[in-house]
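Taking it in order: structure first as C-alpha coordinates, then the write-up.
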Amino acid sequence: MIIFPAIDINNNKIVRLREGNYDDVKIYSEDPEEILENFINDGASDLHIVDLDGAKSGYLSNQETIKKILSHKKLFKQIGGGIRNETTINHYLELGADRVILGTIAVENPKFVEDMVKKYDAKIAIGVDAKHGQVRANGWLVNSQLDSIEFCKTLKNLGVKTIIYTDISKDGMLSGCDMNSYRLLAKEKELDIIASGGVTEMAEILELKDIEISGVIIGKAIYEGKVSLKEAIALC
(Lines give C-alpha, C1' and ligand atoms only; values in the text may rest on other atoms or scores of the structure.)
Protein backbone atom coordinates (compact mmCIF):
# COMPACT_ATOMS: atom_id res chain seq x y z
CA MET A 1 0.00 0.00 0.00
CA ILE A 2 1.30 3.43 -0.97
CA ILE A 3 1.39 6.36 1.44
CA PHE A 4 0.72 9.73 -0.21
CA PRO A 5 1.54 12.75 1.96
CA ALA A 6 -0.74 15.59 0.89
CA ILE A 7 -0.09 19.16 -0.13
CA ASP A 8 -3.26 21.26 -0.45
CA ILE A 9 -2.67 24.72 -1.91
CA ASN A 10 -4.77 27.81 -1.28
CA ASN A 11 -3.48 31.27 -2.26
CA ASN A 12 -0.02 29.70 -2.85
CA LYS A 13 0.10 28.53 0.77
CA ILE A 14 0.05 24.94 2.04
CA VAL A 15 -3.13 24.57 4.06
CA ARG A 16 -5.77 22.18 5.30
CA LEU A 17 -9.52 22.76 5.24
CA ARG A 18 -11.94 21.36 7.78
CA GLU A 19 -14.78 19.38 6.14
CA GLY A 20 -14.02 21.10 2.81
CA ASN A 21 -14.94 24.51 4.24
CA TYR A 22 -13.00 27.26 2.45
CA ASP A 23 -13.75 29.59 5.36
CA ASP A 24 -12.10 27.22 7.83
CA VAL A 25 -8.48 27.16 6.67
CA LYS A 26 -5.30 26.48 8.63
CA ILE A 27 -2.02 27.54 7.04
CA TYR A 28 0.92 25.18 7.61
CA SER A 29 3.59 26.63 5.37
CA GLU A 30 4.38 29.17 2.68
CA ASP A 31 7.46 27.21 1.62
CA PRO A 32 6.68 24.06 -0.42
CA GLU A 33 10.38 23.28 -0.77
CA GLU A 34 10.73 22.80 2.98
CA ILE A 35 7.66 20.56 3.14
CA LEU A 36 8.85 18.46 0.21
CA GLU A 37 12.32 17.99 1.69
CA ASN A 38 10.75 16.84 4.96
CA PHE A 39 8.59 14.32 3.08
CA ILE A 40 11.56 13.01 1.07
CA ASN A 41 13.73 12.73 4.19
CA ASP A 42 10.97 10.65 5.79
CA GLY A 43 11.10 8.23 2.87
CA ALA A 44 8.18 9.43 0.74
CA SER A 45 8.21 8.33 -2.89
CA ASP A 46 4.74 9.61 -3.77
CA LEU A 47 2.90 12.93 -3.37
CA HIS A 48 -0.73 14.06 -3.58
CA ILE A 49 -1.31 17.68 -4.61
CA VAL A 50 -4.59 19.61 -4.68
CA ASP A 51 -5.15 23.07 -6.13
CA LEU A 52 -8.00 24.10 -3.85
CA ASP A 53 -8.66 27.37 -5.67
CA GLY A 54 -8.75 25.56 -9.00
CA ALA A 55 -11.15 22.96 -7.60
CA LYS A 56 -13.60 25.68 -6.67
CA SER A 57 -13.28 27.88 -9.77
CA GLY A 58 -12.43 25.39 -12.51
CA TYR A 59 -9.47 27.54 -13.58
CA LEU A 60 -5.73 27.07 -13.14
CA SER A 61 -4.58 28.69 -9.90
CA ASN A 62 -1.48 28.66 -7.68
CA GLN A 63 0.69 27.92 -10.70
CA GLU A 64 3.90 29.39 -9.30
CA THR A 65 3.80 27.06 -6.32
CA ILE A 66 2.57 24.07 -8.31
CA LYS A 67 5.36 24.40 -10.90
CA LYS A 68 7.95 24.27 -8.13
CA ILE A 69 6.41 21.14 -6.66
CA LEU A 70 5.98 19.34 -9.98
CA SER A 71 9.60 20.04 -10.92
CA HIS A 72 10.78 17.57 -8.24
CA LYS A 73 12.09 14.42 -9.89
CA LYS A 74 12.32 12.21 -6.79
CA LEU A 75 8.57 11.79 -6.29
CA PHE A 76 5.64 10.26 -8.13
CA LYS A 77 3.24 13.20 -8.24
CA GLN A 78 -0.52 13.15 -8.67
CA ILE A 79 -2.46 16.40 -8.86
CA GLY A 80 -6.12 17.42 -8.83
CA GLY A 81 -8.22 20.52 -8.58
CA GLY A 82 -9.97 22.22 -11.49
CA ILE A 83 -8.81 19.80 -14.20
CA ARG A 84 -11.80 19.84 -16.53
CA ASN A 85 -10.40 19.72 -20.07
CA GLU A 86 -7.65 18.01 -22.04
CA THR A 87 -5.60 21.20 -22.30
CA THR A 88 -5.19 21.27 -18.52
CA ILE A 89 -4.40 17.54 -18.43
CA ASN A 90 -1.57 18.10 -20.91
CA HIS A 91 -0.42 21.22 -19.07
CA TYR A 92 0.15 19.31 -15.84
CA LEU A 93 1.70 16.28 -17.52
CA GLU A 94 4.15 18.58 -19.31
CA LEU A 95 5.01 20.27 -15.99
CA GLY A 96 5.97 16.91 -14.51
CA ALA A 97 2.82 15.38 -13.03
CA ASP A 98 2.74 11.60 -13.27
CA ARG A 99 -1.04 11.37 -12.83
CA VAL A 100 -3.87 13.89 -13.02
CA ILE A 101 -7.08 13.62 -11.04
CA LEU A 102 -10.42 14.48 -12.61
CA GLY A 103 -13.28 15.35 -10.27
CA THR A 104 -16.13 17.66 -11.21
CA ILE A 105 -15.88 16.85 -14.92
CA ALA A 106 -16.43 13.16 -14.11
CA VAL A 107 -19.82 14.08 -12.65
CA GLU A 108 -20.73 16.44 -15.47
CA ASN A 109 -19.35 14.55 -18.47
CA PRO A 110 -18.66 10.80 -18.04
CA LYS A 111 -17.98 10.46 -21.78
CA PHE A 112 -15.03 12.83 -21.42
CA VAL A 113 -13.64 10.59 -18.67
CA GLU A 114 -14.04 7.51 -20.85
CA ASP A 115 -12.20 9.23 -23.71
CA MET A 116 -9.37 10.47 -21.52
CA VAL A 117 -8.85 7.07 -19.89
CA LYS A 118 -8.63 5.45 -23.33
CA LYS A 119 -6.06 8.04 -24.39
CA TYR A 120 -3.96 8.49 -21.24
CA ASP A 121 -4.61 5.21 -19.41
CA ALA A 122 -2.93 5.11 -15.97
CA LYS A 123 -2.12 8.83 -16.05
CA ILE A 124 -5.80 9.52 -15.29
CA ALA A 125 -7.44 9.00 -11.90
CA ILE A 126 -10.85 10.11 -10.66
CA GLY A 127 -11.43 11.91 -7.38
CA VAL A 128 -14.77 10.95 -5.83
CA ASP A 129 -15.58 13.38 -3.04
CA ALA A 130 -18.49 12.23 -0.91
CA LYS A 131 -20.55 13.65 1.91
CA HIS A 132 -23.29 11.59 3.57
CA GLY A 133 -22.95 9.05 0.75
CA GLN A 134 -23.48 11.53 -2.10
CA VAL A 135 -20.93 12.84 -4.58
CA ARG A 136 -19.89 16.48 -4.30
CA ALA A 137 -18.45 18.64 -7.09
CA ASN A 138 -17.01 22.12 -7.71
CA GLY A 139 -14.59 22.11 -4.82
CA TRP A 140 -16.99 20.09 -2.66
CA LEU A 141 -19.59 22.87 -2.78
CA VAL A 142 -22.22 21.28 -5.07
CA ASN A 143 -24.20 18.16 -4.19
CA SER A 144 -24.69 16.02 -7.31
CA GLN A 145 -27.08 13.69 -5.42
CA LEU A 146 -25.29 10.72 -7.01
CA ASP A 147 -24.70 7.74 -4.71
CA SER A 148 -20.95 7.72 -4.14
CA ILE A 149 -20.41 3.93 -4.14
CA GLU A 150 -22.56 3.39 -7.23
CA PHE A 151 -20.74 6.23 -8.95
CA CYS A 152 -17.43 4.43 -8.37
CA LYS A 153 -18.90 1.32 -10.02
CA THR A 154 -20.01 3.45 -12.98
CA LEU A 155 -16.47 4.81 -13.32
CA LYS A 156 -15.09 1.26 -13.30
CA ASN A 157 -17.37 0.44 -16.23
CA LEU A 158 -15.93 3.45 -18.09
CA GLY A 159 -12.44 1.95 -17.80
CA VAL A 160 -11.22 3.90 -14.78
CA LYS A 161 -8.59 2.03 -12.76
CA THR A 162 -7.70 4.46 -9.93
CA ILE A 163 -10.15 6.30 -7.67
CA ILE A 164 -9.28 8.67 -4.85
CA TYR A 165 -12.26 8.42 -2.51
CA THR A 166 -12.62 11.20 0.04
CA ASP A 167 -15.23 11.48 2.77
CA ILE A 168 -15.49 15.27 3.09
CA SER A 169 -17.15 15.09 6.50
CA LYS A 170 -13.99 13.41 7.80
CA ASP A 171 -11.43 15.52 5.93
CA GLY A 172 -9.27 17.69 8.15
CA MET A 173 -11.17 16.64 11.27
CA LEU A 174 -8.69 14.10 12.73
CA SER A 175 -11.70 11.98 13.61
CA GLY A 176 -10.93 8.78 11.72
CA CYS A 177 -11.76 7.75 8.16
CA ASP A 178 -14.89 6.28 6.58
CA MET A 179 -13.87 2.65 6.95
CA ASN A 180 -17.29 1.28 5.99
CA SER A 181 -17.10 2.84 2.53
CA TYR A 182 -13.58 1.52 2.01
CA ARG A 183 -14.66 -1.99 2.93
CA LEU A 184 -17.36 -1.79 0.25
CA LEU A 185 -15.00 -0.33 -2.34
CA ALA A 186 -12.30 -2.90 -1.59
CA LYS A 187 -14.66 -5.54 -3.01
CA GLU A 188 -14.35 -3.90 -6.45
CA LYS A 189 -11.19 -5.80 -7.35
CA GLU A 190 -10.76 -4.10 -10.73
CA LEU A 191 -10.29 -0.74 -8.99
CA ASP A 192 -7.28 0.69 -7.18
CA ILE A 193 -8.82 2.66 -4.33
CA ILE A 194 -6.85 5.40 -2.61
CA ALA A 195 -8.33 6.40 0.74
CA SER A 196 -8.47 10.06 1.70
CA GLY A 197 -10.00 12.06 4.52
CA GLY A 198 -9.67 11.74 8.26
CA VAL A 199 -6.87 9.19 8.62
CA THR A 200 -5.56 9.84 12.10
CA GLU A 201 -3.98 6.71 13.57
CA MET A 202 -1.57 3.97 12.56
CA ALA A 203 -4.26 1.41 13.38
CA GLU A 204 -6.43 2.83 10.60
CA ILE A 205 -3.57 2.61 8.13
CA LEU A 206 -3.05 -1.04 9.11
CA GLU A 207 -6.74 -1.81 8.67
CA LEU A 208 -6.80 -0.14 5.23
CA LYS A 209 -3.78 -2.22 4.28
CA ASP A 210 -5.44 -5.40 5.55
CA ILE A 211 -8.57 -4.85 3.39
CA GLU A 212 -6.26 -4.28 0.40
CA ILE A 213 -6.82 -0.58 -0.22
CA SER A 214 -4.15 0.50 -2.74
CA GLY A 215 -3.07 3.76 -1.15
CA VAL A 216 -3.71 6.25 1.64
CA ILE A 217 -3.51 10.03 1.50
CA ILE A 218 -2.48 11.59 4.80
CA GLY A 219 -2.48 15.33 5.35
CA LYS A 220 -3.41 17.00 8.59
CA ALA A 221 -2.38 14.01 10.72
CA ILE A 222 1.19 14.44 9.46
CA TYR A 223 1.24 18.21 9.86
CA GLU A 224 -0.19 17.98 13.39
CA GLY A 225 2.19 15.18 14.43
CA LYS A 226 -0.56 12.60 14.94
CA VAL A 227 1.02 10.20 12.44
CA SER A 228 4.70 9.76 11.69
CA LEU A 229 5.13 9.71 7.91
CA LYS A 230 8.34 7.71 8.28
CA GLU A 231 6.61 5.07 10.43
CA ALA A 232 3.59 4.91 8.13
CA ILE A 233 5.79 4.29 5.08
CA ALA A 234 7.78 1.63 6.93
CA LEU A 235 4.54 -0.06 7.99
CA CYS A 236 3.27 -0.26 4.41
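A few points about this structure:
- Accessible heavy-atom area order of GLU188, GLU94, GLU231, GLU86, highest first, probe of 1.4 Å: GLU94, GLU231, GLU86, GLU188
- Modelled spin labels at ARG183 and GLU34, positioned 7 Å past Cα toward Cβ, are 4.2 nm from each other.
- Segment GLU190-LYS111, extension gain: residue separation times 0.36 nm, minus the distance between their alpha carbons: 26.5 nm
- Computed over the chain, the per-residue total of -39500 (n - 2.57) for DSSP H runs of n ≥ 4 gives a 222 nm mean residue ellipticity of -10000 deg cm²/dmol, rounded to 500.
- Förster-model FRET efficiency, 25 Å R0, VAL25 and SER45, C-beta, rounded to 0.05: 0.30
- Gained length - SER169 relative to CYS236, 0.36 nm times residue gap less alpha-carbon distance: 21.6 nm
- Amide H contacts of TYR28 (H built 1.01 Å from N, under 5 Å, at least 5 apart or other chain): ILE14, VAL15, ARG16
- Label positions at GLN145 and THR87, each projected 7 Å from the Cα along the C-beta direction, are separated by 3.3 nm.
- Convex hull of Cα atoms in the chain, direction-averaged projection (nm²): 10.8 nm²
- For region 69-215, a simple Cβ point-charge model (Lys and Arg +1, Asp and Glu -1, everything else neutral) yields a dipole of about 360 debye relative to the Cα centre.
- Paramagnetic label reach from SER71 (point 7 Å along Cα→Cβ; backbone nitrogen cut-off under 20 Å): within region 1-21, residues 7-14.
- Residue-wise HN-Hα coupling along region 27-41, computed from phi with Karplus coefficients 6.51, -1.76, 1.60 (Hz; x: Gly, Pro): 8, 10, 6, 10, 10, x, 4, 5, 4, 4, 4, 4, 4, 5, 5
The values are calculated or read from the model by the stated rules, or taken from the named source; none is laboratory data. Worth saying up front: this structure is predicted, and the values here are computed from it rather than measured. FYI the Cβ positions are ideal-geometry reconstructions off the backbone, even for glycines, and counts take in every protein chain you see. These accessible areas exclude ligands, DNA and RNA; they are computed on the full protein's heavy atoms, side chains included. Shrake-Rupley method; radii C 1.70, N 1.55, O 1.52, S 1.80 Å.
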